[in-house]
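Colleague: Take this structure first; my questions come after.
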Amino acid sequence: MILSNILYRTYFIKAEQYGTAFALDVDGVEYVVTARHLLDASKNGFLLKLFLKEQWHDLPAIVVGHGRGEIDISVLKIPIALAGPTVPVNPTVAELILGQDMYFLGFPYKMWSDGCGIMGGRPIAFAKKGTASSIGFGDPQVIHVDAINNEGFSGGPLFFYPAGKPTEVRVAGVVSKYRIENEIVVDGKGNRTDMSVPYNTGFLIAYGIKHAIDIIKRSVST
């Protein structure tokens with residue numbers, strides 16, 4: 001079940017790479033959250049391409065901050081409001097239970113669905129579901145989900161519904177990548193060769209939404 005609250009907040013973007021971003025409200029201010037690897041982290045500002053009404057729009061984006069070290073999160077500000085307080089989401093991992101369903105949205109391989117006006121010109125993201133396999137509480141906070149992640153979901157929201165609260169969207173993290181392993185290639189006789197091929201292990205990797213909030217808090221305090 002994907003509620004309109006999170007659909008309205010999820011966007012198809014292009015910076016250095018194509019990917020996904022979502023709007024997040026913190027202390028009454030709206031920010032755009034995405035994966036750091038989609039951007040040129042050396043720039044403090046750039047033109048962000050946002051797909052609306054079946055065409056790309058260039059919007060000036062200011063970098064609020066990037067995640068430190070391996071934390072694959074960036075927070076931006078743009079001059080227009082994308083969502084607003086009428087479609088709230090709660091950025092927290094509170095009440096996330098190991099083994100429960102989790103969901104993520106994005107635009108795999110540059111694909112999207114036409115909402116025929118019901119989304120106000122926004123493209124409808126693809127939705128996927130998986131199982132919370134590992135929930136880290138250290139620094140960095142890493143969440144592993146048993147799900148097939150694809151190119152294009154990077155930067156999208158990873159979210160869940162707490163038990164007994166099916167109408168409350170809780171954004172737990174930001175989709176980063178999937179775990180890759182290299183498998184040895186064998187020849188026609190079953191003998192190992194010196195070649196290997198990478199494959200998707202089926203583990204989505206996301207970084208906790210608390211890191212996005214930390215980036216915002218640091219920017220406000222400086």
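Any read-out appearing in this document is the output of simple, stated calculations on the displayed coordinates, not a laboratory observation. In this text the structure is predicted, and so the values were computed from the model without any measurement. As a convention, Cβ positions derive from the backbone with ideal geometry for all residues, glycine included, and neighbour counts pool all protein chains shown.
Colleague: Let me check against my output: what whole-number percent is the relative contact order of the stretch 4-221, with C-alpha pairs under 8 Å and at least 6 apart?
Modeller: Value for the stretch 4-221: 22 percent.
Colleague: To test your reading of the geometry: what angle, between 0 and 90 degrees and rounded to tens, separates the Cα axis of helix 210-221 from the longest principal axis of the chain?
Modeller: The angle comes out at about 40 degrees.
Colleague: Local charge sum around Q17 (other residues, Cβ-Cβ under 13 Å, Lys/Arg +1, Asp/Glu -1)?
Modeller: It works out to a net charge of +1.
Colleague: Taking the dipole about the Cα centre of the stretch 4-221, with the C-beta of Lys and Arg at +1 and of Asp and Glu at -1, give me whichever of P198, Y8, G152 is farthest to the positive side.
Modeller: Looking along the dipole axis, the top candidate is Y8.
Colleague: Also: Give me the net charge for the shell around D214: Cβ to Cβ below 13 angstrom, other residues only, Lys and Arg +1, Asp and Glu -1.
Modeller: My count for the surroundings of D214 gives +3.
Colleague: Taking the Cα centre of the stretch 4-221 as origin, work out the dipole magnitude from +1 charges on Lys and Arg Cβ and -1 charges on Asp and Glu Cβ, in debye rounded to 20.
Modeller: Result for the stretch 4-221 is approximately 240 debye, rounded to the nearest 20.
Colleague: Among the aspartates and glutamates, which fall within straight-line cross-link reach of K49, defined as a Cα-Cα distance under 20 Å, with same-chain neighbours fewer than 8 residues apart omitted?
Modeller: By straight Cα distance, K49 reaches E16, E30, D40, D58, D72, D114, E151.
Colleague: Where a Cα-Cα gap under 26 Å defines reach, which lysines qualify for K53, not counting those fewer than 8 residues away within the same chain?
Modeller: K14, K77, K110, K128
Colleague: Give me the distance between the Cα centres of the stretch 10-72 and the stretch 137-157, rounded to whole Å.
Modeller: 17
Colleague: Further, regarding this structure: Using only helices, what value at 222 nm comes out for the chain when you add -39,500 (n - 2.57) per DSSP H run of length 4 or more and divide by the total residues, to the nearest 500 deg cm²/dmol?
Modeller: -2000 deg cm²/dmol
Colleague: Below 15 Å, Cα to Cα, which aspartates and glutamates can K129 reach? Residues fewer than 8 away in the same chain don't count.
Modeller: D101, D146
Colleague: Let me ask something additional. May I ask which residue of I216, P108, F137 lies farthest towards the positive end of the charge dipole of the chain, with charges of +1 (Lys, Arg) and -1 (Asp, Glu) on Cβ and the Cα centre as origin?
Modeller: I216
Colleague: Could you give the length gained on full extension between I62 and S134, defined as 0.36 nm per residue of separation minus the Cα-Cα distance, in nm?
Modeller: Here the segment from I62 to S134 would lengthen by 22.6 nm.
Colleague: Excluding V89 itself, what net charge comes from residues whose Cβ is under 12 Å from its Cβ, given Lys and Arg +1 and Asp and Glu -1?
Modeller: -1
Colleague: Looking at the stretch 15-58, which GluC sites (Glu not before Pro) are DSSP coil and have at most 13 other C-beta atoms within 10 Å of their C-beta?
Modeller: Filter output for the stretch 15-58: E16, E54.
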